[in-house]
Structures are given as structure tokens and as C-alpha cells.
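The values are calculated or read from the model by the stated rules, or taken from the named source; none is laboratory data. Here the structure is a predicted model, which means the values were calculated and not measured. So basically every Cβ, Gly included, is an ideal-geometry build from the backbone, and we count neighbours across all protein chains shown. Accessible surface areas use protein heavy atoms only, side chains included; no ligands, DNA or RNA. Shrake-Rupley method; radii C 1.70, N 1.55, O 1.52, S 1.80 Å.
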Amino acid sequence: MTHLVNHWIGGRTVEGASGRHGPVTDPATGQVTTRVAFASAEEVDAAVAAAREAYATWGQSSLARRTEILFRFRALLDAHRDEIAALITAEHGKVHSDALGEVARGLEIVDLACGITVQLKGELSTQVAGRVDVAAIRQPLGVVAGITPFNFPAMVPMWMFPIAIACGNTFVLKPSEKDPSAANRLAELFAEAGLPDGVFNVVHGDKAAVDRLLEHPDVKAVSFVGSTPIARHIHATASAHGKRVQALGGAKNHMLVLPDADLDAAADAAVSAAYGSAGERCMAISAVVAVGAVGDELVRKIRERAEKIRIGPGNDPASEMGPLITRAHRDKVASYVENAAAEGCEVVLDGTGHTVEGHEDGHWIGISLLDRVPVTAKAYQDEIFGPVLCVLRAGTYEEGVALINASPFGNGTAIFTRDGGAARRFQLEAEAGMVGVNVPIPVPVGYHSFGGWKDSLFGDHHIYGNDGTHFYTRGKVVTTRWPDPADAPAGVDLGFPRNH
């Protein structure tokens, strides 16, 4: 009998009671190593009830107390980063260095939360009228929820709950059922840091748990990161139930390479951005647009580098890329490459037959590189979420930008050039929420917000940074008039207040 990952509710582990569970697989071996409990609606209700009870005191707690606990949490995360990375590798499959990088980027947001006092400062205008002052303040919402994907089981939850909790909310996290253990470990460390019971809760499950969070009347806001179809559903359903929603969807991120670009730097960037973390990230570069005559040389340089990538188990220090998360996902990714030639693509590298000796049952796929990809090909139109890079050709800068802007996605994009004028134009003309100039994956640092445009984001708020603070709080304006103590009581004046 494999180990069962249970829920974390009210500051303790709570055994799953629904009788339903799902498998958790080691992607490097294909073996089921763990099971995860799937919450019923009643178990979700219990988590929300614990969070609601905790909010009665946490929402009124001092900023000093909240940040003190957050600083202790940050110290524990730092001390246990290798352990958390190992949990990620065991269940997701990414190499240990990638997993460590994920934890480090999550720590950036904890850093931001530790300094939340600055973000929560209000505004005050004095003497707007005789003895009248106006103050603008921000207050927490109450119980908020996060629904997070498999590809970053520690980082993406940390994009959400540290800021939400620092702002005075309580939190219910529904992480991916494919790699659930990191979320529970984060909850344990937060409790060890002194977080009161019920402020942070973790429920595992599938659509039943998600749908209950979306409709629960005590959940005031929902944060989501995942695919575009699910993001659209999350936004529509939660909004219909009166909730504030930030739902980040999928992507097809383009990298525009101009004729004057440093092609070695561009090739290095394309390889790391397309194949890092096996392409299982929403900010991966999955389409390179080569402008003018540089395409052939750029493809040659990308191929030379891609062929040298070492693929193997994530816990092997020699591995540079691990397996994909599930067998079904591996087969779906492979199908795009297998059908590419029939759709008019030139298959430069085909990684679909890759295996790793001694781990033949793992979810392995090698590096694939497709050139001269037509925009009608499924490999270009869909978010593949695997190590497949499409190269498209454009005759001019204008043609390349038009191609990028025609995509329904608008998460991130990048330009490689030595021309500052071209780069400046691209910053303004690219229809995407995040733009890189000679930077292939323009994920903002923690104190700037992350989010896309078009079908890559549903809702008004980006995640973390200033947008994160605003999403997890609501504004209130207080207008105050106090009598001057030098004035004698003059009775009650029921007339309309004078402003001058």
C-alpha cells in the first residue's frame, strides 16, 4: 500500500474521508509512488470553515505580528529548500537545479510579503474642508482560495498565499493532484513558523473540489494558474458567484530574432527557454520568429546546442532535462511532432523515440525542433507544454510583429537585437503582458507583477507585485470631521455640510 497524501486543515493533517484518491507517479520510472486524497464538497467546506474561523482574529492582527511570522517562515523555507526541491523532483520530474530555482523564485514573493507594511500604507488628505480629513485604507477580503498547476508545485502557490496572508486574509489552497507533497510541506513549515491554525489550509482533489471552492459563499476571491480553457471556466464560474478572480491561462510565447542579433546569444536563449524544465512552463519560448536571412544559421546553432542536452532522472546531477509529468502528457506532446511533417513542417530534430537506459518506463521524450512551421500547423497553434520548439520565418520586422500579435495568446514575448530603436518599437507594439529585450523569459521580479494579455489572462489583476496586494485587499475611504475643542458646543446642525 502506497503512502497517502492527506489534507491540511485547521493546522493539522486531516485524513481524506471521501474514499476517493488519485495516483502520484515518479515520472522517471513510471511507477506509482504515492496516492493523494480527493476532497469531497464537505471536506472543502471544512477547510473553508477553518479559514473563516481563523479570519475572525487573523484579519484583525497587527502587521507586526503577521510580518514576524512571515520572516520566520522565510527562514524555514531557506533552510529546507533542498528538501522541498527533492519533493518536487520526485513527483514532477524536473531536475534538482530547476526545482531549486523554483523554490528561489517563490522565496522572492515571501520576501515581498515580509515587507507588506509598505504596500499596505494608505493615503491621507487633511483639511479637504473645514476640519475635514479624508483617508484611503486597504482591508483584507476574508477567505481566499488558490488553484495551482502541476508545473510549479511550490513557486506558483507562493505567488499567492504569502501576499494574501500578509494582507490579513486566510487561505485555502487546492494544488495539482499530480504533485501534491510540496504544498503540504509548505503548510507544515508555515505552522512551525507560528502561523495560527486555520490561516493556511490545503485540500487536494479534482474538479469536485475546485467547483466547490468556486461556488462557496464564504470564499471571497479565487486565484488560478493553468490552461486557458480552465482559466476561462474558473473566471466565468467564480465571477458568476460574486467572487473576485485572477485566472492566468496558457501561452504561445514568441521570440523575434532580427538580422542584427547576436545569433550565438539568441540560440543559447532559445534552447534554455524552449527546453528548460522540459518545456513545461507557461513562459517557455515555444516559437522563434527568424527575420530575414538569419533563419538557416539560427536553426543550425539551435540544433547544435539542443543535441547536447543530457536527458535523465531529475535526481541525477548529470541530467539537464527530466521526463514529462505523465505518460498521457508525454504521448500528447509526441503527437504534435509525429504529425508535424504532414502539416508542412520541416522536422529538424525528432525526440519522440527517446528513452533512458534503466528507466525505460519513465515518461521520456527528447528534444524536438521544427523549422519553417506554417501558422496553420497544430504544433504552432496549440500550447504544447513540452520540449518542442517551432521556428517560423518572416521577411521583415513588421511581418514578424504582425505574426506574433495574431496569436490569441499574449503571455510573454521577446526580441533579440542590437538595435535600440527596434527594441523600443517592439516594447510598445507587442501585444503581450510581459516583454523581454534580449531576455528570453521575461518573468518579472517579485515586486513587479506577472500576467499576460488576451487569452492568457482572465480578470483585471496580474499576480504578485502591486497587483497582488490590490487583489487581496479592498479599498475604503473614510471622511472625518472633528469639532475644534476651542469651539463651544453649538447644538446640532442638520443642514447640508458646507465644504468651504
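Sub-8 Å Cβ pairs linking a first residue in region 413-436 that is buried (at least 16 other Cβ atoms within 10 Å of the Cβ) to a second residue that is among the β-branched types (Val, Ile, Thr) and modelled with pLDDT under 95, at least 6 apart or interchain, are ALA414/ILE441; MET434/VAL443, ordered by first then second residue. Scanning region 167-188 for residues that are in a loop (DSSP other than H, G, I, E, B) and touching a helix residue (DSSP H, G or I) at 6+ places or on another chain (Cβ under 8 Å) yields CYS167, GLY168, ASN169, PRO175, LYS178, ASP179, PRO180. Here ALA54, ALA75, ALA47, ALA85 are screened, and the one residue that is open to solvent by 30 Å² or more (accessible area, probe 1.4 Å) and aliphatic (A, V, I, L, M) is ALA75. Just to be sure before I move on: is ILE463 touching a helix residue (DSSP H, G or I) at 6+ places or on another chain (Cβ under 7 Å), open to solvent by less than 10 Å² (accessible area, probe 1.4 Å) and under 24 Å from PRO229 (Cβ atoms) in the structure I sent? Spelling it out, ILE463 is indeed touching a helix residue (DSSP H, G or I) at 6+ places or on another chain (Cβ under 7 Å), open to solvent by less than 10 Å² (accessible area, probe 1.4 Å) and under 24 Å from PRO229 (Cβ atoms). Figure legend. Inter-residue proximity from region 471-487: first residues among the aliphatic types (A, V, I, L, M), second residues surrounded by 11 or more Cβ atoms within 10 Å (Cβ to Cβ), beta-carbon distance below 6 Å, spacing 6+ or different chains. Indicated pairs: VAL477/ALA136; VAL478/ALA135. ARG66 meets the conditions (1) among the basic types (Lys, Arg); (2) free of Cβ contacts under 8 Å to residues at least 60 places away in the same chain; (3) surrounded by 16 or more Cβ atoms within 10 Å (Cβ to Cβ) in every case but one. The failed one is (2).
Every residue, every condition in (1) modelled with pLDDT under 95; (2) in contact with a Leu (Cβ under 8 Å, 6 or more places away or on another chain), yes or no:
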| site | (1), (2) |
| --- | --- |
| THR2 | yes, no |
| THR13 | no, no |
| VAL36 | no, yes |
| SER40 | no, no |
| ASP45 | no, no |
| VAL48 | no, yes |
| GLU53 | no, no |
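Applying the criterion of at least 2 residues that are open to solvent by 10 Å² or more (accessible area, probe 1.4 Å) to the strands (runs of 3 or more DSSP E) found wholly in region 333-408 leaves 346-349. Cβ-Cβ distances below 7 Å connect the following pairs, each with a first residue in region 121-145 that is more than 30 Å from VAL219 (Cβ to Cβ) and assigned to a strand (DSSP E or B), a second residue that is open to solvent by 20 Å² or more (accessible area, probe 1.4 Å) and among the small types (Gly, Ala, Ser), and a separation of six or more residues or different chains: LEU124/ALA135; ASP133/SER125; VAL134/SER125. Taking region 441-468 as the range and being closer than 23 Å to THR417 by Cβ, modelled with pLDDT of 95 or more and either assigned to a strand (DSSP E or B) or over 13 Å from the mean Cα position of the chain (by Cα) (or both) as the test, only TRP453 passes. Before we move on, is GLN139 farther than 30 Å from GLY205 by Cβ, open to solvent by 50 Å² or more (accessible area, probe 1.4 Å) and touching a Ser or Thr at 6+ places or on another chain (Cβ under 8 Å)? Yes. Taking the criterion of being polar (S, T, N, Q) and over 25 Å from SER319 (Cβ atoms), the residues of region 351-400 that qualify are THR376, GLN381, THR396. Residues being without any contact (Cβ under 8 Å) to a residue 24 or more places away in the chain, in contact with a strand residue (DSSP E or B) (Cβ under 6 Å, 6 or more places away or on another chain) and over 20 Å from VAL156 (Cα atoms) are represented in region 13-36 by at least one member. In the set ILE309, ILE230, only one residue is touching a strand residue (DSSP E or B) at 6+ places or on another chain (Cβ under 8 Å), open to solvent by 30 Å² or more (accessible area, probe 1.4 Å) and free of Cβ contacts under 8 Å to residues at least 24 places away in the same chain; that residue is ILE230.
Going by the conditions given, is ALA28 over 26 Å from ARG212 (Cβ atoms) and loosely packed, with under 14 Cβ neighbours inside 10 Å? Before the answer, list the steps.
On the way: over 26 Å from ARG212 (Cβ atoms): yes; loosely packed, with under 14 Cβ neighbours inside 10 Å: no.
Here the answer is no, as ALA28 does not meet what is asked.
Annotation: ASN151 fulfils all but one of (1) in contact (Cβ under 8 Å) with a residue 40 or more places away in the chain; (2) more than 29 Å from ASP26 (Cβ to Cβ); the unmet one is (2).
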